[in-house]
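Here's the structure we're looking at; comments come further down.
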Amino acid sequence: MVKKLPFRIFLLLCIAITSNLIAQQSYYNDVDLNLTGTSLRDALAVKIINTHTNALDYTPGIWEASRATDVNPLNSSEVLLIYGYSASGTTSRTRGINNNGGSNGEWNREHVFANSLGNPDLDASGTNGPPYADAHNLRPSDTQVNSSRGNKRFATGSGNSGAVTNGWYPGDEWKGDVARIIMYMYLRYGDQCKPTQVGVGNSSGTPDDMIDLFLQWNAEDPVSDVEKQRNTFHENTSNTYAQGNRNPFIDNPRLATRIWGGPNAEDIWGIYSSSDTEAPTVPTNLMGNNITTSSIDISWTASTDNVNVTSYDIFVDGSLATNVTSTNYTLNNLTSNTTYTITVLAKDAVGNQSAQTAPITPKTLEDTEAPTTPSNVVISNQTDTTFKVSWSASTDNTGVSEYEIYLDGTLNGTSMNTEYTANGLIASTTYNVQVLAKDVVGNSSSLSTGVDATTTDGGTSSANELFFSEYVEGSSNNKALEIANVTSNPINLSSYSIRRNGNGGSSWSSPLNLSGTIASGDVYVIINGNASLQKLIDEADLIHPNTSATNNGIPINFNGNDPVGLFKNDVLIDIIGTFNGGPSNFAKDKTLRRKLTVVNPNTTFDLTNEWEEFSRDNVENIGIHNTATASVEDEILKQIKVFPNPAINGTIKIQNKSSIIIKRLSVFSIDGKEVFNSSKNLNENTIFIKNLQTGIYFLKIKTDSGDKHQKILVK
């Protein structure tokens, strides 16, 4: 016999359950929880973005938050370690709460959505603040286990955590935590944190880039107490290290099912688990209208339901395209002259769904219209073997896909944007340049009006702009950039800036704006504020602080996989590395120096033809670029005399009878090697440099009024 609970106890139990339900939902009072599909996804994204009011510092913010959010519920002197499963050792589940750091036996901060798998990487805007320091993505982990996981993508497995064939299995206990963290990061940061970038799975059954792996883990592994306490802590902004937002999929894993489908996950709130088993009626009168070469408008008559129809799934060629709450939608980015099979089904609040409609098969129009002809073709940056071509964009009824560039009527190359650099040309030669545009189906415009471009003779400088002349990716914080002015005039730096492209991602960092003037024939050296190599410190014109205020020295905190750009009036004019792609680690542990044949910037990185590679921490040439030796000096610098020239018996005299303070004196051989330097006793009336061998040298005198350069001959 089943015993019935006394009514009073039953009533109290109901009140307790109802109170818990209301408490769980209060954060979401302004979210329409009847939505489904991408509509619900977007509504939840708005909520967690708007309530993320406190951006934590990576240090100490995440350390302190982790001590509160990941404390072991059974022992307040410990934190739980994600991926851990044993009682002790590297794979232990817990570790002393203050035993944190980077050494073996300590716990550190694991980016569940790995930093480098973001696009751009999570620290593209610096290593403080979101997304790099989003506490919902960071969990305590054993340092060695963290290293073993590295940036391996999550993949299917069973049992305890560890590497598997396709990547990393987090373990049976932690796979739900991982899935819900990835779902949160996708909502919070959008395409930068696509699940397809961090997990091995199939996204064809979802309306976006969610994959079946995480939906399965979310359903199989229920929410844990430590997940719940993390949400409780972070919503309460009276906690110093709370972000202010929650992870919705911890509050109710069923939200993921309602957005992306897959197996039914736990409905903690109970609002989606009702006795309603009646599906909506099938939508009717599905039609396709306003058909173009790349789009189709579809509409249908609304379904009915015993409770309420909440949304409609739209399928194109058998795959889910999107989920909408209206009875019409425009399908875009379609292929010209192509037939599509389209169906629609209806859903109610608890996930009951109708059958799909009978299919319709509209066909997009054939695209026979060519793009407009490119205009305003301009030639710039001429050298003896290259020149740059730029033009105004063409328009098209469907979309321009690429441009073809012709030299003297012969195809030289293609470009996806409105500029192109022609290489491998002949010196002192005039080429007739034309450009045409093509659309996605191959329709071509007419060739543009021809413009003549003449390469230089290679014997005279055609310099007209600043460019990078050295990139130092040294040990630790020994990072430096050198900019050369080999034009015949001084250049004001106020319109120039430096930006970093973290890990070759899809965006630039905030700019480091420059100031001052580079004299003709001079260079400008920028170093990281924590650089330790004395040569860098001695030659620095700008020491960029490495502090939290500068996001740890960004952009002068690059690694060998971080392209760096030189901008003028916010337009890229020179680059080291390839923006948004290209070879990784192109300059890891290296010094790159621009070849002396280069006299102009280039927005296409050409490592082979324009750069020389040197070993890590090789900075002997920093502060001088051999093409930058003929200086047009300010009148005040002319008061420093260098004589005799040619030098006699290997001795040079420097005489300073002005008020200028000489800070450093360097002598370089013709191949760029420093053969003498001094920063002592430089303000005496006469300075002697002795014992120079016969040859040509370059002298650099660094003063508080600018730099003086002079070529000297020793006989």
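The values are calculated or read from the model by the stated rules, or taken from the named source; none is laboratory data. Predicted model only: the values in this text are computed from it and were never measured. Cβ atoms come from the backbone with ideal geometry, glycine included; neighbour counts cover every protein chain shown.
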Among helices (runs of 4 or more DSSP H) entirely inside the stretch 212-276, those with 1 or more residues being free of Cβ contacts under 8 Å to residues at least 60 places away in the same chain and out of contact with any Leu (no Cβ under 8 Å at 6 or more places or on another chain) are 212-220, 225-235, 254-260
Qualifying residues in the stretch 678-700 (those that are assigned to a strand (DSSP E or B) and surrounded by 16 or more Cβ atoms within 10 Å (Cβ to Cβ)) - the one modelled with the lowest pLDDT: Ile687
Among (1) of a type in the set (Ser, Thr, Tyr); (2) more than 19 Å from Asp70 (Cα to Cα); (3) free of Cβ contacts under 8 Å to residues at least 60 places away in the same chain - the single one Thr143 does not satisfy: (2)
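Out of the residues in the stretch 295-311 meeting the condition of being small (Gly, Ala, Ser) and surrounded by fewer than 21 Cβ atoms within 10 Å (Cβ to Cβ), tell me which one is nearest to Ser336 (Cα to Cα). Before the answer, list the steps.
Looking only at the stretch 295-311, we keep the residues that are small (Gly, Ala, Ser), and these are 295, 299, 302-303, 311.
When the remaining residues are screened for being surrounded by fewer than 21 Cβ atoms within 10 Å (Cβ to Cβ), the result is 295, 299, 302.
Numbers: Ser295: 9, Ser299: 21, Ala302: 30 Å.
Looking at the filtered set, the residue picked out is Ser295.
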What's the number of the condition Leu425 fails, among (1) under 34 Å from the mean Cα position of the chain (by Cα); (2) within 30 Å of Phe586 (Cα to Cα)? (1)
Looking at the stretch 599-616 only, could you name the residues that are part of a strand (DSSP E or B) and closer than 18 Å to Leu572 by Cβ? Trp611
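Give the residue that is surrounded by the fewest Cβ atoms within 10 Å (Cβ to Cβ), with candidates limited to residues of the stretch 648-665 that are of a type in the set (Ser, Thr, Tyr) and either touching a helix residue (DSSP H, G or I) at 6+ places or on another chain (Cβ under 7 Å) or touching a residue at least 12 places away in the same chain (Cβ under 8 Å) (or both).
Of all residues in the stretch 648-665, those of a type in the set (Ser, Thr, Tyr) come to 651, 658-659.
After this cut, where a residue has to be either touching a helix residue (DSSP H, G or I) at 6+ places or on another chain (Cβ under 7 Å) or touching a residue at least 12 places away in the same chain (Cβ under 8 Å) (or both) as well, the list is 651, 658.
On the way: Thr651: 13, Ser658: 15.
The selected residue is Thr651.
Could you check, for the stretch 399-408, whether at least one of its residues is in contact (Cβ under 8 Å) with a residue 60 or more places away in the chain, within 30 Å of Gly288 (Cα to Cα) and outside the structural domain of Asp574 (by TED's automatic domain parsing)? So that I can check it myself, show each step before the final result.
Going residue by residue through the stretch 399-408, those that are in contact (Cβ under 8 Å) with a residue 60 or more places away in the chain are 399.
If we keep only those that are within 30 Å of Gly288 (Cα to Cα) as well, we get 399.
If we keep only those that are outside the structural domain of Asp574 (by TED's automatic domain parsing) as well, we get 399.
Checked the stretch 399-408: at least one residue is in contact (Cβ under 8 Å) with a residue 60 or more places away in the chain, within 30 Å of Gly288 (Cα to Cα) and outside the structural domain of Asp574 (by TED's automatic domain parsing).
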Checking Thr156 against (1) at pLDDT below 95; (2) in contact with a helix residue (DSSP H, G or I) (Cβ under 7 Å, 6 or more places away or on another chain), the condition it does not meet: (1)
Within the stretch 24-40, is there a residue that is modelled with pLDDT under 50 and either outside the structural domain of Phe233 (by TED's automatic domain parsing) or not β-branched (Val, Ile, Thr) (or both)? yes
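With respect to Gly89, determine if the residue is at pLDDT below 95 and of a type in the set (Gly, Ala, Ser).
Values: at pLDDT below 95: yes; of a type in the set (Gly, Ala, Ser): yes.
So Gly89 fits the description; yes.
Scan the stretch 306-328 and give yes if some residue there is outside the structural domain of Val441 (by TED's automatic domain parsing), β-branched (Val, Ile, Thr) and touching a Gly at 6+ places or on another chain (Cβ under 6 Å), otherwise no. Spell out the reasoning first.
Filtering the stretch 306-328 down to residues outside the structural domain of Val441 (by TED's automatic domain parsing) leaves 306-328.
Next, from what is left, pick out any that are β-branched (Val, Ile, Thr): 307, 309-310, 314, 316, 322, 324-325, 327.
Retained after the next criterion (residues that are touching a Gly at 6+ places or on another chain (Cβ under 6 Å)): none.
So far as the stretch 306-328 goes, no, none of its residues is outside the structural domain of Val441 (by TED's automatic domain parsing), β-branched (Val, Ile, Thr) and touching a Gly at 6+ places or on another chain (Cβ under 6 Å).
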Pick from the stretch 404-429, criterion part of a strand (DSSP E or B) and hydroxyl-bearing (Ser, Thr, Tyr), ranking: surrounded by the fewest Cβ atoms within 10 Å (Cβ to Cβ): Thr410
Somewhere in the stretch 173-191, is a residue within 26 Å of Glu78 (Cα to Cα), modelled with pLDDT of 95 or more and surrounded by fewer than 22 Cβ atoms within 10 Å (Cβ to Cβ)? yes
Can you name the number of the only condition in (1) more than 30 Å from Asn513 (Cβ to Cβ); (2) part of a loop (DSSP other than H, G, I, E, B); (3) within 37 Å of the chain's Cα centre (by Cα) that Val433 fails? (2)
Name, by its number, the condition in (1) within 27 Å of Asp172 (Cα to Cα); (2) more than 36 Å from the chain's Cα centre (by Cα); (3) hydrophobic (A, V, I, L, M, F, W, C) that does not hold for Ile291. (1)
Would you pick out the residues in the stretch 293-312 that are among the hydroxyl-bearing types (Ser, Thr, Tyr) and assigned to a loop (DSSP other than H, G, I, E, B)? Thr293, Ser294, Ser295, Ser303, Thr304
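Of all residues in the stretch 535-562, count the ones that are surrounded by 16 or more Cβ atoms within 10 Å (Cβ to Cβ), under 29 Å from Asp707 (Cα atoms) and of a type outside the set (D, E, K, R).
Just the residues of the stretch 535-562 that are surrounded by 16 or more Cβ atoms within 10 Å (Cβ to Cβ), to begin with: 535-536, 538-544, 546, 550-558, 560-562.
From what is left, the residues that are under 29 Å from Asp707 (Cα atoms) are 535-536, 538-544, 546, 550, 553-558.
Still in the list and also of a type outside the set (D, E, K, R): 536, 540, 542-544, 546, 550, 553-558.
Result for the stretch 535-562: 13.
Can you find, within the stretch 493-507, the residue that is surrounded by the most Cβ atoms within 10 Å (Cβ to Cβ) among those that are over 15 Å from Lys479 (Cβ atoms) and at pLDDT 90 or above? It would help to see each step written out before you state the result.
The first filter runs over the stretch 493-507 and keeps only residues over 15 Å from Lys479 (Cβ atoms), leaving 493-497, 503-507.
Narrowing further to those that are at pLDDT 90 or above: 493-497.
Values: Leu493: 19, Ser494: 11, Ser495: 13, Tyr496: 22, Ser497: 19.
Of everything passing the filter in the stretch 493-507, Tyr496 is surrounded by the most Cβ atoms within 10 Å (Cβ to Cβ).
Would the stretch 364-387 turn up any residue that is closer than 30 Å to Ile259 by Cα, among the hydroxyl-bearing types (Ser, Thr, Tyr) and either surrounded by 14 or more Cβ atoms within 10 Å (Cβ to Cβ) or within 30 Å of the chain's Cα centre (by Cα) (or both)?
Initial filter on the stretch 364-387 (closer than 30 Å to Ile259 by Cα): 364.
Okay, now just the ones that are also among the hydroxyl-bearing types (Ser, Thr, Tyr), so 364.
Then keep just the ones that are either surrounded by 14 or more Cβ atoms within 10 Å (Cβ to Cβ) or within 30 Å of the chain's Cα centre (by Cα) (or both); that gives 364.
Yes - at least one qualifying residue is present in the stretch 364-387.
Among the candidates Ser390, Ser401, Ser394, single out the residue that is buried (at least 20 other Cβ atoms within 10 Å of the Cβ) and either at pLDDT 90 or above or in a strand (DSSP E or B) (or both).
On the way: Ser390 fails: buried (at least 20 other Cβ atoms within 10 Å of the Cβ); Ser401 fails: buried (at least 20 other Cβ atoms within 10 Å of the Cβ).
Just one listed residue meets the conditions, Ser394.
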Among residues belonging to the stretch 338-363 that are surrounded by fewer than 18 Cβ atoms within 10 Å (Cβ to Cβ) and under 38 Å from the mean Cα position of the chain (by Cα), point out the one that is nearest to Thr325 (Cα to Cα). Thr341
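Results for (1) of a type in the set (Val, Ile, Thr); (2) closer than 27 Å to Asn100 by Cα, shown as yes or no for each residue.
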site	(1), (2)
Asn146	no, yes
Ala155	no, no
Asp172	no, yes
His234	no, yes
Thr237	yes, yes
Enumerated strands (runs of 3 or more DSSP E) restricted to the stretch 505-596, each holding at least 1 residues that are over 23 Å from the mean Cα position of the chain (by Cα) and either small (Gly, Ala, Ser) or under 20 Å from Ser469 (Cα atoms) (or both): 523-528, 542-544, 590-594
